[in-house]
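The values are calculated or read from the model by the stated rules, or taken from the named source; none is laboratory data. All of these numbers come straight from a predicted model, not from anything done at the bench. Backbone-built Cβ (ideal geometry, glycine too); neighbour counts: all protein chains shown.
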Amino acid sequence: MRSLRGSGHLQIIPAARLRITEIFHSIQGESTHMGRPCVFIRLAGCPLRCTWCDTTYAFHDGAEMDLATVMGRVREIDCRLVEITGGEPLSQPMVFPLITWLCNEGFEVLIETSGAVDVTPVDVRAQLILDLKCPGSGMTERMQWANLDHLQPHDQVKFVIRDRKDYCWARDIMTQYRLTERCTVLVGPVFGELEPRLLAEWVLADRLPVRMQLQLHKYIWDPAQRGV
């Protein structure tokens, strides 16, 4: 049986601090929320070093900001969809009360996480977008597979596919953990490395019940542009 994640009964300390790389308003480029306006809170720091990472500037960048200030920035933008991302956002313990605070104020909260950090403290009202690292990332051995036991139906699992080997691995993991029966499963190509048409053909040939995605923001703006 799946266990519930954190219930949201956390003490919220407004003066508690996080290291933030950027807070910005943009179009959601991935997941089932693709195309929706969204506030992004990008936390600094990450324990992983994926070969295809497109946010390496978040590894060491960032400024200290208290939770009250973060909440103030989000309210000013006036958008009800909020994504907390990184880096790896769950590597900073003070992110959990921030998630609960956002949920308490009625925001729709998405958490983009690598799957390498324990998700059990995450408020169950928030939606996980759990990025399972394929072999092409170089980080597969860092996955905490127990995180899959805590997925809820509103969560999503994402596979970033670099090549045919990654695709076959992801397909086998979907079957082994019955992921498509438990939540939405997303597959997308590594931008600039795998032709999207190839991935689409593989998905269709195997009749996979997944949602294929592209990184929409990289087609709207320069792929290297920050704050979008």
### Message
Show the residue pairs meeting these rules: Cβ distance below 9 Å; 6+ apart or different chains; first residue within region 121-146 and over 17 Å from T32 (Cα atoms); second residue part of a strand (DSSP E or B) and among the hydroxyl-bearing types (S, T, Y).
### Response
V122/T113
### Task
Give region 22-48 a look and list any residue that's of a type in the set (S, T, Y) and assigned to a strand (DSSP E or B), or say none.
S26
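Quick grid of which residues meet (1) basic (K, R); (2) in contact with a strand residue (DSSP E or B) (Cβ under 8 Å, 6 or more places away or on another chain); (3) modelled with pLDDT of 95 or more:
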| residue | (1), (2), (3) |
| --- | --- |
| I20 | no, yes, yes |
| S26 | no, yes, yes |
| H33 | no, yes, yes |
| P37 | no, yes, yes |
| L43 | no, yes, yes |
| A58 | no, yes, no |
| A63 | no, yes, no |
| T69 | no, no, yes |
| E76 | no, no, yes |
### Message
Which numbered condition in (1) within 16 Å of T55 (Cβ to Cβ); (2) touching a Gly at 6+ places or on another chain (Cβ under 8 Å); (3) basic (K, R) is the only one that R226 fails?
### Response
(2)
### Query
Looking at (1) touching a Lys or Arg at 6+ places or on another chain (Cβ under 7 Å); (2) under 24 Å from D149 (Cα atoms), which is the one condition that is false for F191?
(2)
### Query
Of all residues in region 97-110, how many are under 15 Å from the mean Cα position of the chain (by Cα) and surrounded by fewer than 22 Cβ atoms within 10 Å (Cβ to Cβ)?
1
### Summary
Selection from region 183-228 of residues over 12 Å from Y167 (Cα atoms), of a type in the set (F, W, Y) and over 18 Å from the mean Cα position of the chain (by Cα) yields Y219, W221
### Query
Which members of region 26-69 meet the condition of being touching a helix residue (DSSP H, G or I) at 6+ places or on another chain (Cβ under 8 Å), without any contact (Cβ under 8 Å) to a residue 60 or more places away in the chain, crowded, with 21+ Cβ neighbours inside 10 Å and among the aliphatic types (A, V, I, L, M)?
V39, I41, L43, A44
